[in-house]
Amino acid sequence: MSAECSSYLNADKVLVSGFSCPRAGGDARAVFCCGFQDVKYCCDDPHSFFPYEHSYMWWLSVGALVGLSIAAVVLFAFIITVCVLCYLFISTKPRTKLDTGLSLQMAGKTSC
């Protein structure tokens with residue numbers, strides 16, 4: 001079984017001639033044409049060809065970075081809020097102990 005990767009223009013607009021998969025000297029299991037319209041290679045997964053340019057993936061990466069950045073800021077704000085609330089809770093506790101009305105005695109000593 002073999003696949004044909006048609007010729008294409010790479011990202012630098014240079015024509016790359018078509019080739020057959022598997023390539024000579026390459027992995028014998030790489031019988032499918034994979035990649036993008038502007039970057040093609042042989043691989044072993046029949047569902048790894050994407051009909052758009054490789055730069056499309058950069059937009060996905062930028063979107064993922066923006067989403068992760070927003071999530072990190074929200075998490076950071078949550079942690080800061082919890083720390084401030086804990087500090088306020090601890091600092092507003094009364095400093096004096098309440099008198100329970102019980103007198104404490106030392107063990108082993110009798111009072112006269």
What are the ³J(HN,Hα) couplings of the stretch 65-77, residue after residue, when phi is run through the Karplus curve with 6.51, -1.76, 1.60 and θ = phi - 60°? Round to Hz, x for glycine and proline. 5, 5, x, 5, 5, 4, 5, 5, 5, 5, 4, 4, 4
Of all accessible surface on the stretch 4-43 at a 1.4 Å probe, what whole percent is carbon and sulfur? 54
How far, in nm, would the chain grow between Ala71 and Ala24 when pulled straight, counting 0.36 nm per residue and subtracting the alpha carbon separation? 12.3 nm
Work out the FRET efficiency for Ser7 and Ser61 from their Cβ-Cβ distance, taking R0 = 35 Å, and round it to the nearest 0.05. 0.80
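The values are calculated or read from the model by the stated rules, or taken from the named source; none is laboratory data. Computed from a predicted model, the values in this text were never measured in an experiment. All Cβ positions, glycine included, derive from the backbone under ideal geometry; neighbour counts span all protein chains shown. Protein only, heavy atoms only, side chains kept; ligands, DNA and RNA dropped before computing areas. Shrake-Rupley method; radii C 1.70, N 1.55, O 1.52, S 1.80 Å.
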